Structures are given as C-alpha cells and as structure tokens.
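Working notes, beginning with the structure itself.
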There are 2 protein chains.
Amino acid sequence: MPRFFVAASNVLGGIAYIDGKDAEHLKVLRIRSGEVFTVCDGKGRDYVCRLKSAGADGAEAEILETLPSAGEPSIFCTVYAAFPKAEKAEAIVQKAVELGASKIVFFPSLRCVSRPDEASALKKCQRWRKISEEAAKQSGRGIIPDVLVNLSFEKTIAEASKAGLPLFFYEAETDYALKEALESREGYSSVSVVTGSEGGFETSEVGLARAQGMLITSMGKRILRCETAPICALSALMLHTGNL
Amino acid sequence: MPRFFVAASNVLGGIAYIDGKDAEHLKVLRIRSGEVFTVCDGKGRDYVCRLKSAGADGAEAEILETLPSAGEPSIFCTVYAAFPKAEKAEAIVQKAVELGASKIVFFPSLRCVSRPDEASALKKCQRWRKISEEAAKQSGRGIIPDVLVNLSFEKTIAEASKAGLPLFFYEAETDYALKEALESREGYSSVSVVTGSEGGFETSEVGLARAQGMLITSMGKRILRCETAPICALSALMLHTGNL
C-alpha cells in the first residue's frame, strides 16, 4: 500500500491533509478518489485513509483506521558512524533506516579520510535526510529517523555512552563478542552503535570510549567494511531484541 | 597484515609460492624480503609467511606458522538471491562474503526485472567472482566463496531445501519470525538463505518452496530492499550461531 508522511498537525477531525511533494507523488501514483493508502504522522502512528479529493493545493483523505506504525522496533537505536567516504554514508543511512535505526549521527575520528567542515556537513545532512525519508517510506517506518552531524568526537561519545546499551565496535577487540554484549544487560530500551571509518579507531579513542562506560565490542572474526559494520550490528540487535 | 590467496598446490615443503596477480600485488605493497604476511590456501588454512625472495616469475615465502583461518564461520551458509539489478548483485556478493557466506547463487524468479541469458550470466559471474575474491582478502576469509548462477528456479529450490536450515524469506509472511526459524532446529551446520528480487516472490513460488520443505520466514515488519535482506539474514544467523 502506498505510504505518505504528513506533519501531525495535518491530521485533524478524521481527515488527513496531504500537501507539498507528497500531494504530487499521489498524482504520480495515479491514486484516485476512493482508493486506500497509508498516511503516517512521523510519530509512530499510521492512518489507513481513503482519498476524498485532490486539487492543485493538495489532497484530503478520510481516515478509516488509526494504528500504531507496525514498522517501529521496540528499541531506540542510534547509529553513530565515523565519517566515511560519500557514497558509503548514503548506504549507511539507507540501510540503517530500513533495519530500524531511530537516529543516525556522523562524527569525525582521527583516521577519517573524509572530514567535512560545518558548512559541508550541513549540506550533506540535507541529502542524508532525504535518503532517510525515502527509506522510511519504502520500508514502512513509523518515523523518519533524523540524520545529524556532531563535529566533536568527545561530545559524540559522551552522548552515545548514555544509552542503556552503549556499544563501541573496535576491529582490534577480539575477546568481547557482540553476542556477549547484547546479553550483558537486560531491559534496555535505548542502544548506541558506534562504528569507525575506513581506517578504524585509534587506541586513544577506544580508551576515551571505555572511560565513558562504553562496551568495547567485537563484530566477529571477519573485518567488516565501514558501511557493513553498522548494518550487521543493527541486524544482530534487532534479532536479539525480538524485532526480526 | 596483507593477505594473499594461493592454490593449495603452491604450498610445498615449508615454502609458499606466490605467482600471477598476487605476486604483482606483493610488489605494489612494497613488501620486502624478511617482511611477514599471510598466505591462505583458500581451503581454510592460513600460513604466516616471511618473504624470502621475489623475482619476475613470482615470490617465495618461508612458512613460519600454519593456522586454521580464523575468518571462517562454524556454519556453511549459501545465499540464494533472485537476480537483482546489476549494482545490487555486486553489493550482495561483497557484503555476503564479508559476513561469512560460503557460497552465493543467483537465480531467476517470476518478478525479476533483470533476467540474464546464459552467456550474459556467465560473464557476470566472472565479475562477481573477482568481487568475492577481493572481499575475501579484505575481510580475512579462509576461502574464496564461489559465485554461481542457476538458471532454473525449481532446481535452485531443490538444492537450497537440502540444507540443515533451509530459509526462504517472503515479504508477505508475517507470522513465522526469523528468530523462531533459527531456533526451530538444533545442530545444523548448513543453512540456505533464499531472498527475492526487487519485486518479491509470487505465491506459486512460495508454494513450491514450502512443498520442498523450506521454512517460509519473515524478516521483520520493515520491508527490506533486495540487497539488504541477505545481509540482514546473514548477520542474524552469525549472531545466533556464535559467529559474532
């Protein structure tokens, strides 16, 4: 069923108002009066709607049923990825949203080849947010996960370490397995997944993460590419928490 | 440590002989006499080697230590992916090898947009095998997973269904979760992961797979892209079987 996101304020009195690009998309899909589709308020609520009318300004749809968005996992996972090269960042956003990440943050680390300045990072963020929106629609998410840039490694780790399960993946860690980390705590509702760039992390960065209470974790005995690591961690996490 | 694959017949009397493109790669990496690197026989054995000499014909390295390849998972998983569009097939091969797949098979299904004929499929296979080799080196695998094309859906399913855990992922399956499937049997050493193309599977195809004894399985409540699904399944499988 086609899926549209609208602002929560566009849902009023049993009617969902669809405007802007989504109204155009409705036309492209040739959805006609009487046809049924899903409108999501981006806050985890889905509305099964029937199109009433569509005009130049937008479209009105009657709400038939209100449901919690089925596509939302039971945990809030933030992916923190050290800046990779451009197309890899896009792949991370797209796949992480499909797999149920709730937020994606890019940050600098010592071995990053790509180190955008603030202006360039903000510009990239715009593009990443569009990719997140597209992936959220395609995969049936109930929110559009936000994509942010944090230009301080220290602040990134300080934030990431606050999650119920704060995972920091380090390619040279061989003892502490992901499975062990996932089973080390119970009842967590928030998870951080911190992964490195092409060059991995420096030991000083690992030390800082450890000092902040992050769990320095291995992702198995195969060296994963920087765009594969968050995807693998998310998939494993979703399995472990009953979301797969 | 740099990693090279050689034929098992190139390992003889405590010496590993490196020839062809790998000998060139050794030069590119400027590895000199006395330096240490890993040679893998592609059959799950790693040799820690010290370079003795390198000439126009190839290089000779003294074997210091023989070890089982640490990068091999404890299970043999074959990924069967319905033909996707070109760049997606490449992503599937690369990521599946990183994540521990032992074999990758592409096959046609009714809704495939891309349906190569035999000549074209064989040509693509050559390219996919190169990608597999590169990914095996990069990720530290002990084998180079083979990439094959099977031009019959029926034969593909007949083969896939023989695994100890034969998983057929169907986007319209909502009841039978991946977690349940992974826990439904014990002690399996071989796994099949069958995933669809962009358009998913027809119910007739699902029926055939079910009749052959495959487990029709859901990959959660989010719709995954065809290149994400095998990656997600492999990651979950590796977690479940103690390989992550």
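The values are calculated or read from the model by the stated rules, or taken from the named source; none is laboratory data. Everything quoted here is computed from the prediction, not taken from an experiment. Cβ coordinates were reconstructed from backbone atoms using ideal geometry, including for glycine residues, and neighbour counts include every protein chain displayed. Side chains are part of the model used for accessible areas, which takes the heavy atoms of the whole protein and leaves out ligands, DNA and RNA. Shrake-Rupley method; radii C 1.70, N 1.55, O 1.52, S 1.80 Å.
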Next item on the list: Being surrounded by fewer than 16 Cβ atoms within 10 Å (Cβ to Cβ), among the aliphatic types (A, V, I, L, M), more than 14 Å from chain B (Cβ to nearest Cβ) and farther than 24 Å from A:Phe4 by Cα narrows it down to one of A:Val105, A:Val113, so name that one.
Entry: A:Val113
Next item on the list: Mind listing whichever residues of segment A:15-32 are open to solvent by 80 Å² or more (accessible area, probe 1.4 Å) and part of a helix (DSSP H, G or I)?
Entry: A:Lys21, A:Glu24, A:Lys27, A:Val28
Note to self: Restricting to segment B:33-42, and then to whatever is surrounded by 13 or more Cβ atoms within 10 Å (Cβ to Cβ) and either more than 11 Å from B:Thr66 (Cα to Cα) or small (Gly, Ala, Ser) (or both), can you tell me which residue is modelled with the lowest pLDDT?
What the structure shows: B:Gly42
Next item on the list: Among the candidates A:Ala82, A:Ala96, single out the residue that is more than 22 Å from A:Asn243 (Cα to Cα), among the hydrophobic types (A, V, I, L, M, F, W, C) and at pLDDT 95 or above.
Entry: A:Ala82
Next item on the list: Report the residue count in segment B:205-244 for those that are outside any loop (DSSP other than H, G, I, E, B) and among the β-branched types (Val, Ile, Thr).
Entry: 4
Notebook entry, point to check: Do we find a residue being more than 14 Å from every other protein chain (Cβ to nearest Cβ), under 22 Å from A:Arg3 (Cβ atoms) and crowded, with 21+ Cβ neighbours inside 10 Å anywhere in segment A:66-85?
Noted result: no
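The rows are residues; the columns are (1) touching a strand residue (DSSP E or B) at 6+ places or on another chain (Cβ under 8 Å); (2) within 20 Å of A:Ala158 (Cα to Cα); (3) among the acidic types (Asp, Glu).
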site	(1), (2), (3)
A:Ala91	no, no, no
A:Val97	yes, no, no
A:Lys103	yes, yes, no
A:Ser109	yes, yes, no
A:Cys112	yes, yes, no
A:Leu122	yes, no, no
A:Gln126	no, no, no
Next item on the list: From B:Gly140, B:Gly196, grab the single residue that is open to solvent by less than 30 Å² (accessible area, probe 1.4 Å), closer than 30 Å to B:Ala7 by Cα and either assigned by TED's automatic domain parsing to the domain that holds B:Lys95 or β-branched (Val, Ile, Thr) (or both).
Entry: B:Gly140
Notebook entry, point to check: Scanning for something surrounded by fewer than 20 Cβ atoms within 10 Å (Cβ to Cβ), free of Cβ contacts under 8 Å to residues at least 40 places away in the same chain, part of a loop (DSSP other than H, G, I, E, B) and out of contact with any helix residue (DSSP H, G or I) (no Cβ under 6 Å at 6 or more places or on another chain), does segment A:171-183 turn up at least one residue?
Noted result: yes
Check: What residue, of B:Gly213, B:Gly207, is more than 14 Å from chain A (Cβ to nearest Cβ), open to solvent by 10 Å² or more (accessible area, probe 1.4 Å), touching a residue at least 24 places away in the same chain (Cβ under 8 Å) and within 15 Å of B:Ala158 (Cα to Cα)?
Finding: B:Gly213
Next item on the list: Go through segment A:131-169 and give me each residue that's closer than 30 Å to A:Lys21 by Cα and small (Gly, Ala, Ser).
Entry: A:Ser132, A:Ala135, A:Ala136, A:Ser139, A:Gly140, A:Gly142
Notebook entry, point to check: For segment A:184-204, how many residues are in a loop (DSSP other than H, G, I, E, B), touching a helix residue (DSSP H, G or I) at 6+ places or on another chain (Cβ under 9 Å) and within 14 Å of chain B (Cβ to nearest Cβ)?
Noted result: 1
Next item on the list: Among the strands (runs of 3 or more DSSP E) lying completely within segment A:42-138, list those that include at least 3 residues that are among the basic types (Lys, Arg) and on the phi < 0 side of the Ramachandran plot.
Entry: A:45-54
Next item on the list: Identify all residues within segment B:143-158 that are open to solvent by less than 70 Å² (accessible area, probe 1.4 Å) and either over 12 Å from the mean Cα position of the chain (by Cα) or acidic (Asp, Glu) (or both); write none if there are none.
Entry: B:Asp146, B:Val149, B:Asn150, B:Ser152, B:Phe153, B:Thr156, B:Ile157, B:Ala158
Check: touching a Cys at 6+ places or on another chain (Cβ under 9 Å) and either farther than 23 Å from A:Ser114 by Cα or among the β-branched types (Val, Ile, Thr) (or both): does that describe A:Thr195?
Finding: yes
Check: Within the set of pairs 6+ apart or on separate chains, which have a first residue in segment B:226-240 that is under 17 Å from A:Ile223 (Cα atoms) and facing chain A (nearest Cβ under 7 Å), a second that is of a type in the set (Ser, Thr, Tyr) and not in a helix (DSSP H, G or I), and C-beta atoms under 8 Å apart?
Finding: B:Ile231/A:Thr228
Note to self: Looking at B:Ser218, B:Ser189 in this structure, which one is surrounded by fewer than 23 Cβ atoms within 10 Å (Cβ to Cβ), under 18 Å from A:Gly71 (Cβ atoms) and modelled with pLDDT of 95 or more?
What the structure shows: B:Ser218
Note to self: Every residue in segment B:82-140 that is among the β-branched types (Val, Ile, Thr) and closer than 18 Å to B:Arg225 by Cβ, please.
What the structure shows: B:Ile92, B:Val93, B:Ile104, B:Val113
Note to self: Consider segment A:146-170. How many of its residues are touching a Lys or Arg at 6+ places or on another chain (Cβ under 8 Å) and free of Cβ contacts under 8 Å to residues at least 40 places away in the same chain?
What the structure shows: 1
Note to self: Within segment B:199-213, does at least one residue satisfy the condition of being over 24 Å from A:Ser235 (Cβ atoms), touching a Pro at 6+ places or on another chain (Cβ under 9 Å) and modelled with pLDDT of 95 or more?
What the structure shows: yes
Item checked: Members of segment A:3-14 found to be crowded, with 16+ Cβ neighbours inside 10 Å and outside any strand (DSSP E or B), listed by number -> A:Val6, A:Asn10
